Every structure is written in C-alpha cells, then in structure tokens.
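As structure tokens, the structure follows; a few thoughts come after it.
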Amino acid sequence: MSETCSMEYGFDYIFGRMSAIYGNDFARKWDGIDPNLIRQEWIGTMGRFLTYKPIMDYALAHLDPARPPSSLQFRKLCQDGPDRKSTRLNSSH
C-alpha cells in the first residue's frame with residue numbers, strides 16, 4: 001500500500017475516519033454548510049498533508065477525544081507528525 005495519495009483521496013480518508021471516530025458529533029459540526037465549501041476549505045488548509053498517509057494517521061491517532069477538530073487544528077496535528085524526509089531516513093536504517 002502506497003504512503004502517498006491524491007489530496008481528494010486524503011480528504012475522503014480523514015473525513016471517513018473522523019466520521020467513524022466521532023459519529024454524529026462530526027456530522028453535526030457541518031450542519032448547514034455546503035459540503036463543497038467544506039471540502040474546498042479543508043483541501044486548501046491541509047494542502048500537502050493530505051497526500052501523505054503517515055502524517056494523516058499520526059494526526060488521527062492524536063485527536064482530542066472530546067471533540068472533532070477544525071481544519072486548522074487538524075493541520076497543526078499533521079505539522080507535529082512525521083515528515084516524508086525523516087520517515088524515509090528512518091526506514092533506510
């Protein structure tokens with residue numbers, strides 16, 4: 001399985017996982033907001049982080065259990081995670 005993916009796939013991946021984790025709390029967070037606007041905003045905010053599954057998995061593993069994150073909060077979790085360069089360096093040893 002590849003560690004990289006398209007931003008569209010990455011968005012679907014994290015939204016699917018967070019829907020499973022938070023259930024209705026996650027769905028209600030977006031009530032009344034155009035789904036296309038949500039997708040556009042998250043993809044714009046997350047950028048390259050949506051293309052690397054180890055970063056997304058790190059962020060998903062470090063979610064606040066009490067409430068779903070905003071795009072800015074999720075991006076911060078990704079920024080704290082492994083980057084491609086260090087992951088490649090660590091896997092080569």
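The values are calculated or read from the model by the stated rules, or taken from the named source; none is laboratory data. Keep in mind it's a predicted model, so treat the numbers as computed, not measured. Heads up, the Cβs are rebuilt from the backbone with ideal geometry, glycines too, and the neighbour counts pull from every protein chain shown. Surface areas here come from the heavy atoms of the whole protein model, side chains and all, with no ligands, DNA or RNA. Shrake-Rupley method; radii C 1.70, N 1.55, O 1.52, S 1.80 Å.
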*How many residues does segment 2-28 contain that are closer than 21 Å to D57 by Cα, modelled with pLDDT under 95 and of a type in the set (D, E, K, R)?*
2
*May I ask you to list pairs of residues, at least six apart or on different chains, whose Cβ atoms are under 6 Å apart, with the first in segment 39-50 being under 9 Å from I14 (Cβ atoms) and the second being open to solvent by less than 60 Å² (accessible area, probe 1.4 Å) and of a type in the set (F, W, Y)?*
W42/F11; L50/F11
*Has segment 43-51 got any residue that is closer than 13 Å to R75 by Cα, touching a strand residue (DSSP E or B) at 6+ places or on another chain (Cβ under 7 Å), part of a helix (DSSP H, G or I) and not hydrophobic (A, V, I, L, M, F, W, C)?*
yes
*Can you tell me which residue within segment 51-78, out of those that are in contact (Cβ under 8 Å) with a residue 40 or more places away in the chain and farther than 16 Å from D12 by Cα, is surrounded by the fewest Cβ atoms within 10 Å (Cβ to Cβ)?*
R67
*Just checking, how many residues over segment 12-42 are open to solvent by 70 Å² or more (accessible area, probe 1.4 Å) and assigned to a helix (DSSP H, G or I)?*
13
